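Derivation of every value follows stated rules applied to the coordinates shown; laboratory data play no part. Bear in mind that the values here come from a model prediction, so they are computed numbers and not experimental data.
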Amino acid sequence: MKRNLSTVQYDPELVMQASFPAETEIYLLQNGLPSIDAGEAVLGICFTSFEHIGFIQEGAYELLPIGYEWDPCSAILGIAKNSGHVYSYQPNTKTIGFMNSNIQLFLSFLSSTRSFISSNTGGEPETMTLMTQSEAAERLAAFHRGEIVPQSRPQRRGNREADLKMLRETFIQRDPNSLADDNMWWSCVLEQLEVGLL
């Protein structure tokens, strides 16, 4: 699959107004974020500039929107002013959830997840079903109730269980806050990988 090597650039004034830690500011200003076609999106993550929005203010949080999960109406990704933490913001419910301590870790976790999926399915990540966060949560709950049985997977090149354990340990070592409880975004991703929903 051909990779799109273009990047999404962010308004330098907004980035500097955010008072991010230096490494986050420099990363966004110099590198931008990868432009990902919807067909190549890992976990539905796509980056876009949202320049017309400015900052999203919700309670004590002020976020620079950097992208979305599946679609911008269900979950917007944002980097918090000052701290540089990455959050998911659901506009419909006005809820905010921590994802990673910085954008570099978020990108690293996405890359590791893509590699895991690729090495454990014998190819590129499968086309994923588009769903909102609430639909994904309901699907996971239905799995726990026994209403959904995961489809059998093709022969895997790697040892899925050992690879998943290593992925979890890597996430914990690099950014323990991302897995601080079972309701964290990355905790849910790992659980879905464990039970075969992803």
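Here's how it looks for GLU58: its modeled amide H is under 5 Å from those of LEU63, which are all 5 or more places away or on a different chain. Database remark: amide H of SER35 closer than 5 angstrom to the amide H of SER6, THR7, VAL8 (H placed geometrically; neighbours at sequence offset of 5 or more, or on other chains; Pro and chain starts carry no H). In a fully extended conformation the segment linking SER19 and SER108 would gain 29.8 nm over its present Cα-Cα distance, using 0.36 nm per residue. 3J(HN,Hα) along the range 165-180, derived from phi through the Karplus expression 6.51 cos²θ - 1.76 cosθ + 1.60 where θ = phi - 60°, amounts to 4, 5, 4, 4, 4, 5, 4, 5, 5, 7, 8, x, 5, 5, 10, 4 Hz, with x in place of Gly and Pro. Note on the range 7-102: Cα-only Rg and Dmax are 12.3, 35 Å.
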